[in-house]
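Down below is the structure, laid out as structure tokens.
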Amino acid sequence: MRWLPGWIERDKNEQRQILSELVQRERWVMDGTGASTFDIRLPRTDLVLWVRVPRRVALLGLATRVLKNYGKTRPDMAAGCAEMLPDNEFLNYIWNFEKRTAPKVIDAIHRYGPDIPVCELRSRRQINELINHMINV
């Protein structure tokens, strides 16, 4: 949704318009901690699943993803957006997530969805337990 083919970022207003249309559907699942769109998503949200793993787990996951997909376009990406080595901006985002981004996410949740339950998943084990539970329901 964010990326057009060839790693061209979609215009922010167009992103917001697409999100506005998607959240009108009866059912949907979205990912991303982009607090700048919480005003659109949270009012129509039933539950927030926040994957909030420690920095080392996030970096290991990134390394695994790059090793597995380097040079290939993942199914969840736009055409021509092949996996590449992370740049300093993205590594900095992960490294400073708890200090810089998490407070914005928390603030946006309180502002736009104060009554929405938030389930924080803090480990791969918790994530796998949730997935296994959902499969067996």
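Rule-based calculations on the coordinates, nothing more; no lab input. All values derive from a computational prediction rather than experimental measurement. Here the Cβ is made from the backbone with ideal geometry for all residues, glycine too, and neighbour counts use every protein chain on show.
Remark: Ile127 matches the filter, which requires a residue to be out of contact with any His (no Cβ under 6 Å at 6 or more places or on another chain), part of a helix (DSSP H, G or I) and surrounded by 11 or more Cβ atoms within 10 Å (Cβ to Cβ). What about Glu89, is it assigned to a strand (DSSP E or B) and either in contact with a strand residue (DSSP E or B) (Cβ under 6 Å, 6 or more places away or on another chain) or over 24 Å from Trp28 (Cβ atoms) (or both)? Answer is no for this residue. Can you find a residue that is closer than 24 Å to Gln126 by Cα, touching a residue at least 24 places away in the same chain (Cβ under 8 Å), surrounded by 14 or more Cβ atoms within 10 Å (Cβ to Cβ) and of a type in the set (Gly, Ala, Ser) anywhere in region 97-104? So far as region 97-104 goes, yes, one or more of its residues are closer than 24 Å to Gln126 by Cα, touching a residue at least 24 places away in the same chain (Cβ under 8 Å), surrounded by 14 or more Cβ atoms within 10 Å (Cβ to Cβ) and of a type in the set (Gly, Ala, Ser). Every condition in (1) touching a residue at least 60 places away in the same chain (Cβ under 8 Å); (2) farther than 27 Å from Asn128 by Cα holds for Gln17 except the one numbered (1).
Only one of the numbered conditions (1) of a type outside the set (Asp, Glu); (2) closer than 25 Å to Asn13 by Cβ; (3) surrounded by 14 or more Cβ atoms within 10 Å (Cβ to Cβ); (4) in contact (Cβ under 8 Å) with a residue 24 or more places away in the chain is not met by Gly80, and that is (3).
Which members of region 46-79 meet the condition of being in contact with a Phe, Trp or Tyr (Cβ under 7 Å, 6 or more places away or on another chain) and not aliphatic (A, V, I, L, M)? Result: Arg55, single match. Considering region 55-73, the residues that are loosely packed, with under 12 Cβ neighbours inside 10 Å and either of a type outside the set (Gly, Ala, Ser) or within 15 Å of the chain's Cα centre (by Cα) (or both) include one that is nearest to Met1 (Cα to Cα), namely Lys72.
Quick one: count up the residues across region 80-91 that are in contact with a Phe, Trp or Tyr (Cβ under 6 Å, 6 or more places away or on another chain) and either under 27 Å from Arg125 (Cβ atoms) or among the basic types (Lys, Arg) (or both).
Residues of region 80-91 that are in contact with a Phe, Trp or Tyr (Cβ under 6 Å, 6 or more places away or on another chain), as a first pass: 81, 83.
Restricting the remaining residues to those that are either under 27 Å from Arg125 (Cβ atoms) or among the basic types (Lys, Arg) (or both) gives 83.
Number satisfying all stated conditions: 1.
Of the residues making up region 44-52, one or more are surrounded by 12 or more Cβ atoms within 10 Å (Cβ to Cβ) and more than 14 Å from the chain's Cα centre (by Cα).
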